[in-house]
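Let me begin by presenting the structure, written as structure tokens, before commenting on it.
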Protein chains: 2
Amino acid sequence: MLDLEPLLRPRSIAVIGASTQPEKVGGMPIRLLGELGYAGRVYPVNPGADTVQGLRAYPTIDAIGEPVDLAIVAVPAASAPDVMTQLGRAGTRAAVVFTSGFAEVAGGAALQQTLAANAQAHGVQLLGPNCLGAMNLRARMFATFSPIPLTGVPPVGEVGLVSQSGAFGAYAFALAREAGLGLSHWVTTGNEAGVQVADVIEWLAHDPDTRVILTYMEGARDGARLRRALAAARDAGKPVVMTKVGTTAAGASAAQSHTASLAGEDAVYQAVFDEYGVHRAPTLEAFFRLGYTLARGRRPARWHARGGLPADAVAPVAIVTVSGGVGIMMADSAESLGLPLPPMPDAAAHALRTAIPFASTNNPIDVTGQVVAQPKVFLDALAGVARCGEYGSVAAFLAGGANAPRLWTELQQTVATLATEPESAPLLVSGVMDDEKRAWLESRGCLVFREPAHTMEAVAALAKAAAMEALASAPAEAHAPPAAIAPPDFPGHATALSEAEAMAWLAEAGVPVAALGVAHDADEAVRIAESLGYPVAVKLCSRTILHKSDIGGVVLHLKDAAAVRNAFARVQAAVRQTRDADGQPAHFEGAIVARMVRGWGEIMVGVRRDPVFGLVALAGIGGTAVEIFRQMAFGLAPLSRARARAMLAQSRAEALCTGHRGHPALDLDAVADVLVKVSRAAAALGDRLDTLEINPFIVGADGLCAADAVITLRHPG
Amino acid sequence: MLDLEPLLRPRSIAVIGASTQPEKVGGMPIRLLGELGYAGRVYPVNPGADTVQGLRAYPTIDAIGEPVDLAIVAVPAASAPDVMTQLGRAGTRAAVVFTSGFAEVAGGAALQQTLAANAQAHGVQLLGPNCLGAMNLRARMFATFSPIPLTGVPPVGEVGLVSQSGAFGAYAFALAREAGLGLSHWVTTGNEAGVQVADVIEWLAHDPDTRVILTYMEGARDGARLRRALAAARDAGKPVVMTKVGTTAAGASAAQSHTASLAGEDAVYQAVFDEYGVHRAPTLEAFFRLGYTLARGRRPARWHARGGLPADAVAPVAIVTVSGGVGIMMADSAESLGLPLPPMPDAAAHALRTAIPFASTNNPIDVTGQVVAQPKVFLDALAGVARCGEYGSVAAFLAGGANAPRLWTELQQTVATLATEPESAPLLVSGVMDDEKRAWLESRGCLVFREPAHTMEAVAALAKAAAMEALASAPAEAHAPPAAIAPPDFPGHATALSEAEAMAWLAEAGVPVAALGVAHDADEAVRIAESLGYPVAVKLCSRTILHKSDIGGVVLHLKDAAAVRNAFARVQAAVRQTRDADGQPAHFEGAIVARMVRGWGEIMVGVRRDPVFGLVALAGIGGTAVEIFRQMAFGLAPLSRARARAMLAQSRAEALCTGHRGHPALDLDAVADVLVKVSRAAAALGDRLDTLEINPFIVGADGLCAADAVITLRHPG
């Protein structure tokens, strides 16, 4: 982990290129640090001035006479690399470089490389270049040239914010200030020649002042580093909210990502985020709302991890409403988020119906407009469901009720009492009310929203956070590492395994494959077929011809010896008509004779190499459906069983295994374990693996069985 | 159309059950009408008081001595029906009934029926019962018992709001007031014993004071009436924003919909909304935002209707941003909405790059943080794209830029100039700014949002509105009605057609079906097979046994006469083992011999009867995919070609027809016309039709061909 202490908690700061004019890039940090109350020492460095904005100035960094923790660098791009060297020699430990004109412009990559190399060589932690700097709100440390803190600073709080984009960061700062969302740190990483978003996430995961991490990212430069950072946050029980842009082709093209962007790339990011329980925010509004929810919201009193996945946890919720119509909207929203709506317990329902005969005591619990005349009935219902132990959270729609003086007074009493009962389910409120009432409720752990649907989204996010936090605090299970699998034997120059080799390798890794043999003549083919039992398939077996069905190299459903002989001849002829890379007729290496596998559906499973995250597994329903609906699910390889289960669910492949069209239901854990084994088989090939694809896996009464497999190889480096 | 003039523009109002206490249900309307400046006459009716809240009171409605337009009725439920009779005799033309205790409570349906019957018999237009009343903002007419107008009223504007739920209506009123959204009328319909939401939509469609209609609905009581109302709004060029709740099982159960709710019911509503270009709002936030957008937003300068569907119209948009990161988010959002992002024209791009070399002149157009130093460059870029004729709309992200005094002054000049140029593309802005600046921009036709993604959603909504408005103002095309098809001949007691009858009927309606004949013995089966050519299928033909494959009544892929004989015998035997309703062996009526149709995919097309909207067509990819992905598209039958095209696109069935796996592409209009003909064939069966299902339609080089058809019949009434 990078030590960002000198960068984010510096005891002293030098400003290289300090300006006497406070509105200049080299002047603004001095103004901010002075006016806003930074308690450390500030040293302007400017060879042409004795004082800068009232502070004694130094001609060089050396002239300061003592090492400083952090240097803010506002010099022309061409001078910046030398400054790194000087800083390092003077013992400065971190530098924020505002200057632009590096890798983001044509021809600027080399200068950036020099900058980074100098910083690294001299032990200087580098933030930027082309960034808007960093702030530590608690320490009133404003290492930025943005004037935005001059017009107000958000309260000190537990939300750490890190953004690759400076302008996004500045806008987020303004919105946080407006919403009163408390921040701990604010960091923009710009060109990321040194410190990356991932490094900041990892540091904030260990920072005692930060509880929630808000992140904006265009792309990860280092997938492994991002995974390590997200794992650190998960292990610390700190929710990460992520806005990852460039999700569409238009967006990705706008982002001009330096990674060779796959069309499916966003699905890979999503798989990574799912793996670590990251809360994804598609809009700025959702980004802040999730920050508010996770920083301020009490976790549900009850929740459960669906399919064993903490990232898919949900909480049962009681909807208490003064409007039947809005109650229905909230129920729609709960169902689409998977939040259960258990009915109101009998005693509470009876009490409510006795007081308001027309009230609905199903869930949503509708006390109707009677709330105005009988506020106590409404509040008794609220307290009743909060205390009964059936619900994780209580979501109440008040409309304008909080502005009714009598209701407000009684609501305060109820909320204050419930706040002293840690066992009770937390309350989330939607409705209109003034800022003072909102603040009062929030101070008692009660979140307030304008939009009723947002209370439901908040319950879902809080359930997920609770499940991830429980995971963090649970003692780590001692997992025996899976037994190592010896990779198969193949020539160094091979670009693929033959199907027979691939199937054998998968079988060795524990993956069920169709019974088969390799025949070199028709007699042998018939002998193999008879030993396997009919029907069989005869397929060309080659390390070089991969698209064997395209050239007529696959014959299926053979029912007798004559058919096998005939098919063998056809396959052999097909090979002879094929040319190899040198233009010579391809060499016939034999034909696979495989038992036809019976089943009622097809699943496709693959492993590919992602440029950012390395090996990625994918799965989905096979056949035409895959191509048209493109509902594939992704996971980092090797897969955990939980991730494989989630992939079966997300891709809907699960539907083929759970009593599809009257067929028997399969053990989903066993099916998931097959995916896990495939991913391990791929991972065991290490750097040599290019792609692995099993298409189809036949779904039948005995579970999955691979009917075909392709493994292509690459030469690393 | 119901004449709601006396209800919504009354010249005089009587309050039956008028109370001297202004906070009572019978007192509040008198207080509101008096305090808020209603200009018409108000007559309290109360036999026990001489004056009510300072107005002369009358003991009965007759004592008023002249007919009044509207009566507000606040009497106990049991008395309400008699009041209707008295009102009618006194010449009162409309009544708002606040009272609850009718159909919404057990045993209250009969009383409501009497209420409605009395009102109808005496020519009284009835709003309610169990409703919160109505308001006409321009006329300051507040026929409600909600005290909410006392604390403030939204500005008078062009948005008409109608809500089935009173509490939703009241909350919407409060939010409109807070957002400054101008309203024309506000109507709640409650139990809808008389006036329904649909009636109010239709009236507002003709109301000169209303330009946009906001609607909240739990369910339509009368599908035909709703369609007529939506058609009237469409023909008047007035956008309808709809929040229809009960979209999920939980929501539908909460709504306790009186219609026998199909799981797919919401999809049928959605098809209706699509048909009429209704803007659907899933949340309260979206409801208001769409109202704001459509009421205040200038329509795009250019747009096009995708697939010929105005409801799917999009506009090319220029994104101009001061933050690259937010620009990417906006590009992602544009792409997911289908909004094209054409590149900046060369001249404008050149000018921008000359002024700011690091600016990105792709679209998104990123002027970078230089906007602060060079506001003119930013504004020139903005005006350049607005004027160039390439874009429908311009979406600008300003961050906090509007608060920079110099930028704001110059922005005002640019916006004011563009506002005088009707040809220029309208501007939508996102960023933070104070209310005064926002109002200034809005008054120049420039919408302002906090969330950048919302500018994109607004462009999409405005493009759709522009396309629907163009449709309204275009001269109606003279469509020749399709030639009437004579329904087939079948016995009155039949509950289904046999497959042979169904296929013949479809063929007569112009639907391509597999060539077939009906054989009564094996010899005849072989003769038919030989005349059709092999391979053939042999299938049981019966009006009573519909699930023929379940009993072994279907044998496919028969390649010669022996196979046909064998299959015929199997089918005949299968029938003999089946019992009819009386427990007797089923009667063998013959077997279909049909040519096997070749193709590369299957589409399923059906027509069902929806309890609200009548005949509904559905289509999707056939086979396992349908069951697992459930991606069916719906449309009201008979379909238009445009709707059928939209269904092919929405269900992805289109993918099978556009060069799937190297197969030839089909003429999509011709494919859509087959769906149209199926829907007409179903409609021609009128009230007798229960369901029609063609599964599968084989997709092949000659287009679609029906390989099987089931038509079931019902006995109306």
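Given A:Phe358, A:Phe397, which one is under 13 Å from A:Met456 (Cα atoms) and either at pLDDT below 95 or not charged (D, E, K, R) (or both)? Walk me through it before giving the result.
Numbers: A:Phe358 fails: under 13 Å from A:Met456 (Cα atoms).
Exactly one of A:Phe358, A:Phe397 is under 13 Å from A:Met456 (Cα atoms) and either at pLDDT below 95 or not charged (D, E, K, R) (or both), namely A:Phe397.
If you take the residues in segment A:370-388 that are in contact (Cβ under 8 Å) with a residue 12 or more places away in the chain, within 14 Å of chain B (Cβ to nearest Cβ) and surrounded by fewer than 20 Cβ atoms within 10 Å (Cβ to Cβ), which one is farthest from B:Cys131 (Cα to Cα)?
Step by step, filter segment A:370-388, then rank; the result is A:Val372.
Taken together, the residues in segment B:537-549 that are within 15 Å of B:Asp580 (Cα to Cα) and open to solvent by 20 Å² or more (accessible area, probe 1.4 Å) amount to 5. Take the conditions touching a Lys or Arg at 6+ places or on another chain (Cβ under 9 Å), open to solvent by 20 Å² or more (accessible area, probe 1.4 Å), polar (S, T, N, Q) and free of Cβ contacts under 8 Å to residues at least 60 places away in the same chain and apply them to B:Thr151. Does it pass? So B:Thr151 fits the description; yes.
Looking across segment B:652-674 at every residue that is of a type in the set (D, E, K, R) and crowded, with 18+ Cβ neighbours inside 10 Å, the one that is nearest to the other protein chains (Cβ to nearest Cβ) is identified as B:Arg652.
Looking at segment B:634-650, which of the residues that are among the small types (Gly, Ala, Ser) and surrounded by fewer than 24 Cβ atoms within 10 Å (Cβ to Cβ) is nearest to the other protein chains (Cβ to nearest Cβ)? Don't jump to the end; show me each part of the working.
Of the residues in segment B:634-650, the ones among the small types (Gly, Ala, Ser) are B:635, B:637, B:640, B:642, B:644, B:646, B:649.
Next, only the ones that are surrounded by fewer than 24 Cβ atoms within 10 Å (Cβ to Cβ) stay: B:640, B:642, B:649.
Working: B:Ser640: 25, B:Ala642: 22, B:Ala649: 12 Å.
Applying the filter and picking the extreme gives B:Ala649.
Here is the figure for segment A:275-293: residues that are within 30 Å of A:Leu618 (Cβ to Cβ) and either within 14 Å of another protein chain (Cβ to nearest Cβ) or aliphatic (A, V, I, L, M) (or both) total 8. For segment A:223-245: of the residues being open to solvent by 10 Å² or more (accessible area, probe 1.4 Å) and closer than 22 Å to A:Pro6 by Cβ, which is farthest from the other protein chains (Cβ to nearest Cβ)? Restricting to residues being open to solvent by 10 Å² or more (accessible area, probe 1.4 Å) and closer than 22 Å to A:Pro6 by Cβ, the top hit is A:Ala236. Taking every residue in segment A:160-171 that is more than 12 Å from A:Leu214 (Cα to Cα) and facing chain B (nearest Cβ under 7 Å) and pairing it with any residue that is open to solvent by 10 Å² or more (accessible area, probe 1.4 Å) and in a strand (DSSP E or B), at least 6 positions away or on another chain, the pairs with Cβ-Cβ distances below 7 Å are A:Ala167/B:Ala399; A:Ala170/B:Ala399; A:Tyr171/B:Ala399. Considering segment B:439-452, and only residues there that are away from every other protein chain (no Cβ under 14 Å) and in a helix (DSSP H, G or I), the residue that is least open to solvent (accessible area, probe 1.4 Å) turns out to be B:Leu441. If you go through segment B:297-312 and keep only what is touching a strand residue (DSSP E or B) at 6+ places or on another chain (Cβ under 6 Å) and either within 14 Å of another protein chain (Cβ to nearest Cβ) or modelled with pLDDT of 95 or more (or both), you end up with B:Gly297, B:Pro300, B:Trp303. Annotation note: Cβ proximity below 9 Å between a residue of segment A:25-54 that is within 24 Å of A:Pro129 (Cα to Cα) and in contact (Cβ under 8 Å) with a residue 40 or more places away in the chain and a residue that is part of a helix (DSSP H, G or I) and open to solvent by 30 Å² or more (accessible area, probe 1.4 Å) (sequence gap 6+ or interchain) occurs for A:Met28/A:Leu150; A:Arg31/A:Leu150; A:Leu32/A:Leu150. It is to be established whether one or more residues within segment B:207-222 are in contact with a Cys (Cβ under 9 Å, 6 or more places away or on another chain), under 21 Å from B:Gln125 (Cα atoms), at pLDDT 90 or above and outside any loop (DSSP other than H, G, I, E, B). No; the residues of segment B:207-222 include none that is in contact with a Cys (Cβ under 9 Å, 6 or more places away or on another chain), under 21 Å from B:Gln125 (Cα atoms), at pLDDT 90 or above and outside any loop (DSSP other than H, G, I, E, B).
For segment B:313-333, which positions are open to solvent by 10 Å² or more (accessible area, probe 1.4 Å), facing chain A (nearest Cβ under 7 Å), touching a Leu at 6+ places or on another chain (Cβ under 9 Å) and in a helix (DSSP H, G or I)?
Here is the first cut: in segment B:313-333, the ones open to solvent by 10 Å² or more (accessible area, probe 1.4 Å) are B:316, B:322, B:324, B:329, B:332-333.
Still in the list and also facing chain A (nearest Cβ under 7 Å): B:322, B:324, B:329, B:332.
Retained after the next criterion (residues that are touching a Leu at 6+ places or on another chain (Cβ under 9 Å)): B:322, B:329.
Once the filter is applied, which keeps residues that are open to solvent by 10 Å² or more (accessible area, probe 1.4 Å), facing chain A (nearest Cβ under 7 Å), touching a Leu at 6+ places or on another chain (Cβ under 9 Å) and in a helix (DSSP H, G or I), segment B:313-333 yields only B:Met329.
Considering segment B:520-536, the residues that are more than 48 Å from the chain's Cα centre (by Cα) and surrounded by 20 or more Cβ atoms within 10 Å (Cβ to Cβ) include one that is nearest to B:Ile698 (Cα to Cα), namely B:Ala529.
Scanning segment A:692-717 for residues that are within 16 Å of A:Gly620 (Cα to Cα), of a type in the set (Val, Ile, Thr) and open to solvent by 10 Å² or more (accessible area, probe 1.4 Å) turns up just one, A:Ile698. Among residues of segment A:577-586 being open to solvent by 70 Å² or more (accessible area, probe 1.4 Å) and touching a residue at least 12 places away in the same chain (Cβ under 8 Å), the one that is farthest from A:Ile698 (Cα to Cα) is A:Ala581.
Taking segment B:340-352 as the range and being more than 22 Å from A:Tyr171 (Cβ to Cβ) and within 12 Å of chain A (Cβ to nearest Cβ) as the test, the residues that pass are B:Pro340, B:Pro342, B:Pro343. Given the criteria farther than 20 Å from B:Gln412 by Cα and not charged (D, E, K, R), does B:Pro375 qualify? No. The numbered conditions (1) of a type in the set (Gly, Ala, Ser); (2) open to solvent by 10 Å² or more (accessible area, probe 1.4 Å); (3) within 21 Å of B:Ala586 (Cβ to Cβ) are all true for B:Gly517 except (3). Conditions first: (1) outside any loop (DSSP other than H, G, I, E, B); (2) open to solvent by 20 Å² or more (accessible area, probe 1.4 Å); (3) more than 28 Å from B:Arg221 (Cβ to Cβ). B:Arg598 passes all but one, so which condition is the exception? Every condition holds for B:Arg598 apart from (1). Of all the listed residues (A:Asp550, A:Asp582), the sole one being in a helix (DSSP H, G or I), at pLDDT below 90 and either in the same structural domain as A:Glu654 (by TED's automatic domain parsing) or not polar (S, T, N, Q) (or both) is A:Asp550. Against the condition outside the structural domain of A:His350 (by TED's automatic domain parsing) and touching a residue at least 12 places away in the same chain (Cβ under 8 Å), how does A:Glu499 come out, does it pass? It is true that A:Glu499 is outside the structural domain of A:His350 (by TED's automatic domain parsing) and touching a residue at least 12 places away in the same chain (Cβ under 8 Å).
Does A:Ala670 satisfy the criteria of being under 16 Å from A:Cys705 (Cα atoms) and without any contact (Cβ under 8 Å) to a residue 40 or more places away in the chain? It is true that A:Ala670 is under 16 Å from A:Cys705 (Cα atoms) and without any contact (Cβ under 8 Å) to a residue 40 or more places away in the chain. Just to be sure I understand the filter: pairs with C-beta atoms under 8 Å, separated by 6 or more residues or on different chains, first member in segment B:100-118 and closer than 16 Å to A:Ala359 by Cα and among the hydroxyl-bearing types (Ser, Thr, Tyr), second member at pLDDT 90 or above and surrounded by fewer than 20 Cβ atoms within 10 Å (Cβ to Cβ). Which pairs pass? Cβ pairs passing all conditions: B:Ser100/B:Ala77.
The values are calculated or read from the model by the stated rules, or taken from the named source; none is laboratory data. Keep in mind that this is a model prediction, so the values were computed, not measured. Cβ: placed from backbone, ideal geometry, glycine included. Neighbour counts: every protein chain shown. Heavy atoms of the whole protein, side chains included, go into the accessibility calculation; ligands, DNA and RNA do not. Shrake-Rupley method; radii C 1.70, N 1.55, O 1.52, S 1.80 Å.
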